[in-house]
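Below: one structure, written as C-alpha cells.
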Amino acid sequence: MKTRNDPRHILRIKKMQALFSLSFHDKKANSGRKQLDDIVNHIKGIDKLIEKSAPAFPIDKVAKVDLAILRLAVYELLFIKTNPPKVVIDEAVELAKEFGSDTSGGFVNGVLGNILTKRKTYGKKSS
C-alpha cells in the first residue's frame, strides 16, 4: 500500500504542480524536464480526449488543478504505460481529493474511466 512518502506519489505531485504552473504560462516554454516537456508536446491530443470524455465541461471550464491531474494521468495511461490503468486512476483520484475540490475525485475518476473504456473499445475494433 502506498503512503504519502512513497517516492512515486511525491514525483506525481511534483509533475502535477508543474503542469498546474504551466497552465498560467506559455505551454511552449521549455521546462527543462524531459517528461514534462513530452506531456506538453502531447497536450492538444490529451485535451481533446478529456473534452470527449467530459463533454459538459470544456477545457477552459475545468478547474486548473483537475486539468493538471487529468493531463498527467492521461499521459501515463496512453504514453508511459508502465503502471496498470487501475493504479494510475487511483493515484489521480487521490491527488484530486488532496488538491482539488470536494467533487474533484469523482470528476477525475469519471473522466479517466471514460477514456479507459473508449481506449479498450477502440482497441477491439479491427481495421
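Bear in mind these aren't lab numbers, they're just calculated from the coordinates by the rules spelled out. Remember, predicted model here, so these are calculated numbers, not experimental data. Note that each Cβ is placed from the backbone with ideal geometry, even for glycine, and that neighbours are counted across all protein chains shown.
Note that the range 60-71 has calculated 3J(HN,Hα) couplings of 6, 9, 6, 4, 4, 5, 5, 5, 4, 5, 5, 4 Hz, one per residue in order, obtained from phi through the Karplus relation 6.51 cos²θ - 1.76 cosθ + 1.60 (θ = phi - 60°); glycine and proline are x. Distance between the pseudo-spin-label points of residue 44 and residue 119 (7 Å out from Cα toward the beta carbon): 2.1 nm.
Calculate the FRET efficiency for residue 8 and residue 98 from the Cβ-Cβ distance with a Förster distance of 22 Å, rounded to the nearest 0.05. Numbers along the way, then the final one.
Numbers: r = 15 Å, r/R0 = 0.67.
Approximately 0.90, to the nearest 0.05.
Between residue 17 and residue 64, the modelled label-to-label distance comes to 1.5 nm, taking each label 7 Å out from Cα in the direction of the beta carbon. Modelled spin labels at residue 86 and residue 57, positioned 7 Å past Cα toward Cβ, are 2.4 nm from each other.
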